[in-house]
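Note sheet for the following structure.
The values are calculated or read from the model by the stated rules, or taken from the named source; none is laboratory data. Source: prediction; values computed, not measured. Using ideal geometry, Cβ is built from the backbone for each residue, glycine included, and neighbour counts are taken over all protein chains shown. Please note that ligands, DNA and RNA were not included when accessible areas were found on the heavy atoms of the full protein model with its side chains. Shrake-Rupley method; radii C 1.70, N 1.55, O 1.52, S 1.80 Å.
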Amino acid sequence: MNNDYLKVKGRIFDIQRYSIHDGPGIRTIIFLKGCALRCKWCCNPESQSFDIEKMKVKGKDKLIGRDVTVEEVMKEVMKDIHYYNRSQGGITLSGGECLLQPDFAVALLRAAKANGINTAIESTAFTKFEIIEKFLPFLDLFLLDIKHLDTIKHKQFTSQPNEHILENAMRLAMSSMHLIIRVPVIPTFNDTIIEIRSIAEYAKVLPGVEELHLLPYHRLGSDKYEGLNREYELKDLEPPTNEQMQLLMEEAKKSGLKVQIGG
């Protein structure tokens, strides 16, 4: 058997074990470097640039980003194989955006599937669909962010328009991929009843989509901007209240989807 794919290299900035988010069961999250979007609320700003960079953490310089092989990552992943088996968990590729490192990300998913491990990615789907198609044979779950249906507002807050994302969402749904739509709920951006309702109604039209996760805005990670010597533009923003999130969830449920807060 040709195992050359285990030697494929990629650039990551963190591996988080024992996560109970971003997919079913107990999971290991691998965070990849690089993203095409620049969301104003991003809680992992160190993920945005593909470059290895310095960030001040607790007053000390820390290098963010390292080059690894699939084999090296899998050694870490396999430490928790018993937890995956017991909880029906697995690995999730996060970032950043794993679609920007397709050779590495696909090889990593392939290695996980070869070991019987459940696979997921969380993604913006902002790339050519031909790249996304390379992932599908080795993928059990696609957690797709849909942030807004208004492309002008989407570009204002993320630096990119949304037409490509929405087109890929439909193509993904039509491919029979297990697709869960996730919405980061950001005050001043998309936290009104009308905006959440429109996203839920769009998600309902996607063939096979049954779940919508509302992810409330938080300030975790805002100190990282200072560590990177960057401005955090949303510093005056207040996170949505529990009551507001409940209202938005009830509104989204009118679409007929299964809706939850968090994911």
Among ARG38, ARG66, the single one that is surrounded by fewer than 19 Cβ atoms within 10 Å (Cβ to Cβ) and touching a Lys or Arg at 6+ places or on another chain (Cβ under 9 Å) is ARG66
The condition of being more than 17 Å from ARG27 (Cα to Cα) and not aliphatic (A, V, I, L, M) holds, among LYS62, LYS75, only for LYS62
Checked pairs for segment 190-210, first polar (S, T, N, Q), second surrounded by fewer than 20 Cβ atoms within 10 Å (Cβ to Cβ) and assigned to a helix (DSSP H, G or I), C-beta under 8 Å and 6 or more apart or across chains, list as ASN190/LYS153
Look at LYS58 and say whether it is under 27 Å from LEU237 (Cβ atoms) and either open to solvent by 20 Å² or more (accessible area, probe 1.4 Å) or over 16 Å from the mean Cα position of the chain (by Cα) (or both).
yes
Expected single match for basic (Lys, Arg), part of a loop (DSSP other than H, G, I, E, B), under 20 Å from the mean Cα position of the chain (by Cα) and closer than 18 Å to CYS42 by Cβ among ARG219, ARG230 is ARG219
Taking segment 223-253 and the residues there that are charged (D, E, K, R) and in contact with a helix residue (DSSP H, G or I) (Cβ under 7 Å, 6 or more places away or on another chain), the one that is nearest to GLU122 (Cα to Cα) would be LYS224
Matching residues in segment 1-35 (farther than 17 Å from PRO102 by Cα, over 17 Å from the mean Cα position of the chain (by Cα) and open to solvent by less than 50 Å² (accessible area, probe 1.4 Å)) number 0
Contact list, first residue from segment 211-238 and closer than 19 Å to LEU143 by Cβ, second anywhere and outside any loop (DSSP other than H, G, I, E, B) and open to solvent by 40 Å² or more (accessible area, probe 1.4 Å), beta-carbon distance below 7 Å, six or more apart or interchain, is GLU211/LYS258; HIS213/GLN260; LEU214/ILE261; PRO216/ILE261
Those residues of segment 85-106 which are crowded, with 23+ Cβ neighbours inside 10 Å and farther than 15 Å from THR28 by Cβ amount to GLY96, GLU97, LEU99, GLN101, PHE104, VAL106
Within segment 138-169, the residues that are assigned to a helix (DSSP H, G or I), of a type outside the set (Lys, Arg) and loosely packed, with under 15 Cβ neighbours inside 10 Å are ILE152, GLN156, GLU163, GLU167
Within segment 183-205, of all residues that are more than 16 Å from GLY263 (Cβ to Cβ) and of a type in the set (Val, Ile, Thr), the one most open to solvent (accessible area, probe 1.4 Å) is ILE194
Within segment 1-48, the count of residues that are touching a Cys at 6+ places or on another chain (Cβ under 7 Å) and outside any loop (DSSP other than H, G, I, E, B) comes to 2
